[in-house]
Amino acid sequence: MIDIKINFFGIVASLLLFYIVLSNKPWWILRGGEGIFYAAVSPFNVKIEILGKPVIVPIIFYLNLAATLSMLLAASTMLLGSFLVEKEWSRPMIGFKGLMLPILFLVGLIISLEFVKNMGIAVPLMGEFVLRYEIPIGQGIITETPSVAMLTSDYWIALLAGIISVLAWFFQRRS
Amino acid sequence: MNRTKAVRILITLLSIAAFLPLLYGLNSYNWDLKALLTPSYTPPRVDFRMEPEGLRFEQGKLILSIKLINLGEIEAKIEGLNVTLYSNGIAVATGSLEKPVLSRPNSTEELNISITSFSWDPIQSRGKRRGLYQGYGLSCEGSG
């Protein structure tokens, strides 16, 4: 009988990381009215539309690509390290990137919403609300759009992957 | 150098390399951070044309028909429209949209305005007399 020691937590965490990177699903969604505005945000893909037309910020593409490559590297090294538990030099392969990303994403999102709030547009992190905005035409046209914002299930899967990667790190250290 | 340290250095170098796309992007924009951070947005074209088609009687009501042409890129639903008809600068009738109309891009729809009230005020002007008439019906003017 062949006795192979593997890091089960590392395998599960790496497979979840591969899923969240390759599935390309948003972690946070903002929707206003029926096609008035829509935002689908994740570290790997950002899509913002107003009246069906895209809003493009050039740097976002490169940031998304960097996050994708970084997470693919973390998932790959974690998967490889999970099968090399008995090798001491495999320890650096299991890290905390999986947990850092959803935490940094949430912090970045909160900061961005505060920035937007200072511009007069109040958007909560989660929940239904009425977005009030004054269009600067003539004396001003006040618009009120029923909207909804929410963290998606993919965000919680990413957070779970991060927590399991911490367990994987502890397991790798103890083995 | 032991293997653990070598693996750590390799992973660190690969992690740094993962951010090379950011440097590539900066280089593509000639290191102009403002250009990279400035959002761009082209709003959809909004272009509606209205052409009156005429008056008609329908089911005991006077209907003003207007052709609505959507030459823009957005879909619009006209849920209500109130109109006032003028003659020689005097409001003579009011009306409202009979039912909501959905106008899709590159389409033509008909707006049916139901004329709901007529009113004239009696005036005397240079020997001409006009009659007072209120309610539904055709307007008529007599002079003498």
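The values are calculated or read from the model by the stated rules, or taken from the named source; none is laboratory data. If you're wondering where the values come from, they're calculated on a predicted model, not measured in any experiment. Backbone-built Cβ (ideal geometry, glycine too); neighbour counts: all protein chains shown. Only protein heavy atoms, including side chains, enter the accessible area calculation; ligands, DNA and RNA are left aside. Shrake-Rupley method; radii C 1.70, N 1.55, O 1.52, S 1.80 Å.
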Handout entry: Whichever residue in segment B:61-82 is open to solvent by less than 20 Å² (accessible area, probe 1.4 Å) and of a type in the set (A, V, I, L, M, F, W, C) and, among such residues, is nearest to B:Phe48 (Cα to Cα)
Key = B:Leu68
Problem - Check on A:Ser76, buried (at least 19 other Cβ atoms within 10 Å of the Cβ) and within 22 Å of B:Ile16 (Cα to Cα) - result: no
Completion exercise
segment A:29-145: strands (runs of 3 or more DSSP E) wholly inside it with 2 or more residues that are of a type in the set (A, V, I, L, M) and facing chain B (nearest Cβ under 9 Å) are A:45-50, A:53-56
Exercise for the section: Residue by residue through segment A:132-163, note down the ones that are closer than 15 Å to A:Ile29 by Cα, open to solvent by less than 60 Å² (accessible area, probe 1.4 Å) and not β-branched (Val, Ile, Thr). Expected result: A:Ser147, A:Ala149, A:Leu151, A:Asp154, A:Tyr155
Practice task
Kindly establish whether A:Phe18 is open to solvent by 20 Å² or more (accessible area, probe 1.4 Å) and either within 12 Å of chain B (Cβ to nearest Cβ) or touching a residue at least 24 places away in the same chain (Cβ under 8 Å) (or both).
Solution key: yes
Problem - Out of A:Glu88, A:Glu49, sole residue that is more than 23 Å from B:Thr38 (Cα to Cα), surrounded by fewer than 18 Cβ atoms within 10 Å (Cβ to Cβ) and either touching a residue at least 60 places away in the same chain (Cβ under 8 Å) or not β-branched (Val, Ile, Thr) (or both) - result: A:Glu88
Exercise for the section: Kindly indicate whether any position in segment B:83-101 is closer than 23 Å to B:Pro44 by Cα, in a loop (DSSP other than H, G, I, E, B), open to solvent by 60 Å² or more (accessible area, probe 1.4 Å) and of a type outside the set (Val, Ile, Thr). Expected result: yes
Practice task
Take A:Ala158 and decide whether it is in contact (Cβ under 8 Å) with a residue 40 or more places away in the chain, part of a helix (DSSP H, G or I), of a type in the set (Gly, Ala, Ser) and out of contact with any strand residue (DSSP E or B) (no Cβ under 9 Å at 6 or more places or on another chain).
Solution key: no
Handout entry: Selected residue (criterion: nearest to the other protein chains (Cβ to nearest Cβ)) from residues of segment B:1-52 that are touching a residue at least 12 places away in the same chain (Cβ under 8 Å) and surrounded by 13 or more Cβ atoms within 10 Å (Cβ to Cβ)
Key = B:Pro44
